[in-house]
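Engineer: What follows is a single structure, and I will ask about it in a moment.
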Amino acid sequence: MAEGPTHDGKRLDPMEPWRAARDLYMDAWGKTMVDMVNSEAYAQATGAMLDSYMTVSAPFREAVEKAMLKTLEQMAMPSRADVLSIAERLTNIEMRLDDLDATLGDIQRLLVKVGTAPRPQAGKAQPSKKKTTRPQRAKRGKK
Amino acid sequence: MAEATATTDPVIAAVDRLQTLHNAITTKAAIAQTPKELVWTLNKAKLYRYVPVLPKEKRHPIPLLLVFALMNRPYILDLRRGHSFVEYMLNKGYDLYLLDWGVPGPEDKNLKFDDYTLDYMPRAIRKLKAISGVEEFSLLGWCIGAILTTIYAALRGDEGLRNLILLTAPLDFSNKQGLTFARWTDERYFDVDKVLATFGNMPGEMIDYGAKALKPVENYIGNYVKLWDNIDDPRMVEGWHAMNTWVTDNVPLAGGVFRQLIVDLYRKDKLMRGELMIRGERVDMSRIHANLLTVIAEGDHITPSCQSEPIMSKVSSVDKELFRVRGGHIGIMAGSGASKYTWPHIDGWLASRSR
């Protein structure tokens, strides 16, 4: 967009005055709009628009929902509410599993800690970290 | 992306510029490029651990968990290579985790602050502790994420929270005249129950409209004018493209949280008044003892400073700091000045408290 050079080495942009005027205008416009959206009248108007949209669309939405529910019932298929309920239950199960996972992790860490602690029998070689796992302890218990 | 090339033919140059403009507006930029691994999930929430770039002996021992807002994508923290808070903090030696809330579905419409702060966050933090092998951690909450981290800090702060960083935190809603959102969602004009009965969750598009309508000319026109004015600057176009990718990637807000946000916070200011109840527990900010850094954006039109400042006098933290930085709600962390001002300050503050 820049064209020929000026005396100070910068390029002369014929659009620059237009851009400056545009920015000035947009600044003024922007401030006016900010004042407008901050007004009670704007809040009231947008609230009314949203409310009328919801009021007008509600009967159609309800009709579609009822029709869909009936169709699904006739086809012996689960409704949207059934699926959502299952999703909620799955999240609860996920939480229980997460708690179990954490508890198992705690137990594992405790076992490793106990396994690597110095043993009372002197003279015997200390087992390495890797060997002091739960299966080995179980083996000793069986003997 | 096609960039405008230096050509003497004005027609070709104009076509190139239009092509660049079209691509920047209509395509998605490559964002969130920092390598990370998924370490935990619950419902839609995911906990990521960023792959450390420094050896363990050079890293800070206290891990940092990033918690972003519920209704925007968290990759604003890792926007693009060479300009990413995540990348910056990894290079500074932090063990970094990100809690991504995901996209709530219709089945999540009843999720509340209660669920996020007492079911999701404690479990994610438990996992973080198990992986990092330390009992203490730092939390960084931004925007609605700062509300979540504040509630968590007040209710479960004694479970290892050492440092709390709040970015543009909307916590005080007492100044109704200064909050445009408070005016729009006033009970005389806005029927929150009817909205949620209609939509279930608050649609991302409506939240996006609300955020943009605060400065309509700037967001709907000025933003594109700025792109056109700088269309020959590939670095500027790249930054604009990444930001536009993030801005247009909207996430709905769970209905239960939206109701609490409007009724309990915007209308009744329950958090700051100490009346907010989370599963029967009162959120008392005087129970926050962690070291606290509150970052305020001086040009923030979404969360004005009057919403973030008052927490400083409410907490019991001995070590607390209020840091003001020039910029807007998002700009302070993702704008061109972020890497010069906000990020170094956060690192400087946190590094000395992460030993």
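Engineer: What distance in nm lies between label points placed 7 Å from Cα along the C-beta direction at A:VAL56 and B:GLU298?
Structural biologist: In this crude spin-label approximation the distance works out to 4.6 nm.
Engineer: Would you compute, for the Cα atoms of chain B, the largest minus smallest coordinate along each principal axis and list the three values in descending order, in whole Å?
Structural biologist: Answer, in whole Å and largest first: 69, 58, 37 Å.
Engineer: Using 25 Å as the Cα-Cα cut-off, could you pick out the over-long pairs in B:LYS268/B:LYS314; B:LYS112/B:LYS268; B:LYS46/B:LYS320; B:LYS58/B:LYS127?
Structural biologist: Those over the limit are B:LYS46/B:LYS320.
Engineer: Here is a further query. Starting from the Cα of B:LYS212, draw a straight line to each of the aspartates and glutamates and keep only those under 15 Å, dropping any in the same chain fewer than 8 residues away.
Structural biologist: Within the straight-line cut-off, B:LYS212 pairs with A:ASP35, B:ASP249, B:ASP300.
Engineer: Among A:TRP29, B:TRP343, what's the order by accessible area (1.4 angstrom probe), most exposed first?
Structural biologist: A:TRP29, B:TRP343
Engineer: Using unit Cβ charges (K, R positive; D, E negative) and no other charged atoms, how large, in debye to the nearest 20, is the dipole of chain B about its Cα centre?
Structural biologist: Approximately 740 debye in magnitude.
Engineer: With +1 assigned to the C-beta of every Lys and Arg and -1 to the C-beta of every Asp and Glu, and no other charges, what is the dipole magnitude of the range B:106-146 about the Cα centre in debye, to the nearest 20?
Structural biologist: Value, rounded to 20: 100 debye.
Engineer: Considering only protein heavy atoms, what is the solvent-accessible area of B:ARG287 at a probe of 1.4 Å, reported in Å² to the nearest 10?
Structural biologist: We get 100 Å² for B:ARG287.
Engineer: Can you pull the three principal axis extents for the Cα set of the protein assembly as shown, in Å, largest first?
Structural biologist: The Cα atoms of the protein assembly as shown stretch 93, 66, 53 Å along their principal axes.
Engineer: Follow-up question, since we're still on this one. Label-point separation (nm) for A:VAL112 and A:LEU72, each offset 7 Å from Cα along Cα-to-Cβ?
Structural biologist: 4.6
Engineer: Based on alpha-carbon centroids, what's the gap between the range B:231-264 and the range B:66-139 in Å, whole number please?
Structural biologist: What the calculation gives is 17 Å, centre to centre.
Engineer: Let me ask you something else. Putting +1 on Lys and Arg Cβ atoms and -1 on Asp and Glu Cβ atoms, find which of A:THR71, A:TYR42, A:PHE60 reaches farthest to the positive end of the dipole of the range A:8-78.
Structural biologist: Result: A:THR71, furthest along the dipole toward the positive end.
Engineer: Once neighbouring chains are kept in place and the probe is 1.4 Å, which whole percent of the accessible area of the range B:10-351 is contributed by carbon and sulfur?
Structural biologist: The C+S portion of the solvent-accessible surface of the range B:10-351 is 51 percent.
Engineer: From the backbone phi of the range B:319-325, what are the Karplus-calculated ³J(HN,Hα) couplings (6.51 cos²θ - 1.76 cosθ + 1.60, θ = phi - 60°) in whole Hz, Gly and Pro given as x?
Structural biologist: Those phi angles translate into 9, 9, 9, 10, 10, 9, 9 Hz.
Engineer: May I pose another question? Hey, could you get me the Stokes-Einstein D for the range B:258-355, Kirkwood radius over alpha-carbon pairs, 10 °C and 1.306 mPa s, rounded to whole µm² s⁻¹?
Structural biologist: So the translational diffusion coefficient is about 105 µm²/s.
Engineer: Near B:LYS226, which aspartates and glutamates are there with a Cα under 15 Å away, not counting those fewer than 8 places off in the same chain?
Structural biologist: Partners found: A:GLU16, A:ASP23, A:ASP27, B:GLU218, B:GLU238.
Engineer: Between A:ARG80 and B:GLU205, what FRET efficiency comes out of the Förster formula 1/(1 + (r/R0)^6) with R0 = 25 Å and r the beta carbon distance, rounded to 0.05? Mind dumping the intermediate values first?
Structural biologist: On the way: r = 21 Å, r/R0 = 0.86.
With R0 = 25 Å, the Cβ-Cβ based efficiency is 0.70.
Engineer: Looking at the protein assembly as shown, send over the antiparallel percent of its DSSP beta bridges, to the nearest 5.
Structural biologist: Looking only at bridges with both residues in the protein assembly as shown, the antiparallel portion is about 40 percent.
Engineer: Report, in deg cm²/dmol and to the nearest 500, the calculated mean residue ellipticity at 222 nm for chain B, where each DSSP H run with n ≥ 4 adds -39500 (n - 2.57) and the sum is divided by the residue count. Don't skip to the answer; put the middle values down first.
Structural biologist: Details: 14 runs with 120 residues, N = 355.
Calculated mean residue ellipticity at 222 nm is -9500 deg cm²/dmol.
Engineer: Cβ neighbours within 10 Å, averaged per peptide: list B:261-269, B:30-38, B:49-57 in order, most packed at the top.
Structural biologist: The peptides rank, most packed first, as B:261-269, B:30-38, B:49-57.
Engineer: If you take every DSSP beta bridge whose two residues both sit in the range B:48-146, what share of them, in percent to the nearest 5, is antiparallel?
Structural biologist: Once the DSSP bridges in the range B:48-146 are tallied, antiparallel ones form about 25 percent.
Engineer: Could I ask something else about it? How much of the DSSP beta bridge set in the range B:10-351 is antiparallel, as a percent to the nearest 5?
Structural biologist: 40
Engineer: For a quick check: with amide H placed at 1.01 Å from N, whose amide H comes under 5 Å from B:LYS270's, ignoring anything fewer than 5 positions away on the same chain?
Structural biologist: B:LEU265
Engineer: Based on the Cβ-Cβ distance from B:GLU309 to B:HIS345, what FRET efficiency comes out when R0 is 25 Å, to the nearest 0.05?
Structural biologist: The formula returns an efficiency of 0.90 here.
The values are calculated or read from the model by the stated rules, or taken from the named source; none is laboratory data. Here the structure is a predicted model, which is why all the values come from computation and not from measurement. All Cβ positions, glycine included, derive from the backbone under ideal geometry; neighbour counts span all protein chains shown. Just so you know, the surface numbers come from the protein's heavy atoms only, side chains and all, with ligands and any DNA or RNA stripped out. Shrake-Rupley method; radii C 1.70, N 1.55, O 1.52, S 1.80 Å.
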